[in-house]
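The values are calculated or read from the model by the stated rules, or taken from the named source; none is laboratory data. Keep in mind that what you see is a predicted model, and the values were worked out from it rather than measured. Neighbour counts run over all protein chains shown; Cβ positions are idealised from the backbone, glycine included.
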Amino acid sequence: MSTLNDRFASSLLSFATLFIVVLAGCQAPGSTPVSAPIPAPKLVLGDHWQYKITDNLRRGAVTMMDVEVTAIANGIVTLHETSVGPYGRSEENEEITAEGWLVFGSLKNETFRRFPTPIELYDFPLAQGKTWRQTVATTSPETQLPAQILSYGTVQGLRQVNVPAGSFNAVYIYRILQLDDDQFFRSRTERRDSVWYAPEVKAPARELHDASYVLYDGPESTLVRTENTTRELISFQPGRT
């Protein structure tokens, strides 16, 4: 069983790598080239975003999320996240680096955790055609065995995006995350992200997340979708400098 699992993970890795290479060489429809590299945002205390998150797998259930920078120390930014949705209210503190790498948080619907190596969600400065690839050694929360998180990304150009907060000329990023939750009966979760990063609000104006894994069900395999969400910016209020 472990051989089958390893073979599947290897094929996913090869496919994702090939896909990123193809994407890097092709200008996405509707995009224009990034004229100059986009630097990492200068986050400050009080920066505040409000997002509307629509769950497309649950009949369009809506969650409102407030995100605010509440601390900056030793290169780590603390984001206080308050979510109100169909299942009530929750509050969490996420930690990222100044470059937007995830230090403490989650990549799926799970308890927040600290990653042994920050997860590279962005690779600033964002330049036309730039790609990145990262492999992070972890311990699987499900099995407590050695595992890996794989991250890939590519910058595909500038795209206009319209959200409730307004219209933005955003940098379009395509990203693939392969998580450390595979077991003998299922593959790892693969999350595919479309990100419209708007420099003027220091964050994405829009994000699409689509995640799934494969259940090994005898001679047949079943695709299990775990996330399909749309996140749109409602408002942004800059903090004090």
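Quick look at the numbers
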quantity	calculated
Identity of the residue in the stretch 192-212, in contact (Cβ under 8 Å) with a residue 40 or more places away in the chain and surrounded by fewer than 21 Cβ atoms within 10 Å (Cβ to Cβ), that ends up farthest from residue 237 (Cα to Cα)	199
Checking residue 241 against (1) hydroxyl-bearing (Ser, Thr, Tyr); (2) in a strand (DSSP E or B); (3) at pLDDT below 95, the condition it does not meet	(2)
Number of the exception - residue 107 against (1) within 18 Å of the chain's Cα centre (by Cα); (2) in a strand (DSSP E or B)	(2)
Residue match in the stretch 73-81 (condition: over 21 Å from residue 199 (Cα atoms) and part of a strand (DSSP E or B))	yes
Meets criteria (outside any strand (DSSP E or B) and buried (at least 17 other Cβ atoms within 10 Å of the Cβ)) for residue 129	no
Number of positions in the stretch 32-63 that are of a type in the set (A, V, I, L, M), within 25 Å of residue 79 (Cα to Cα) and not in a strand (DSSP E or B)	4
Single match in 110, 142 (criterion: acidic (Asp, Glu), within 30 Å of residue 45 (Cβ to Cβ) and either at pLDDT below 95 or touching a Cys at 6+ places or on another chain (Cβ under 7 Å) (or both))	110
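Conditions tested, residue by residue: (1) within 20 Å of residue 208 (Cβ to Cβ); (2) at pLDDT below 95.
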| residue | (1), (2) |
| --- | --- |
| 18 | no, yes |
| 47 | no, no |
| 83 | yes, no |
| 97 | no, no |
| 119 | yes, no |
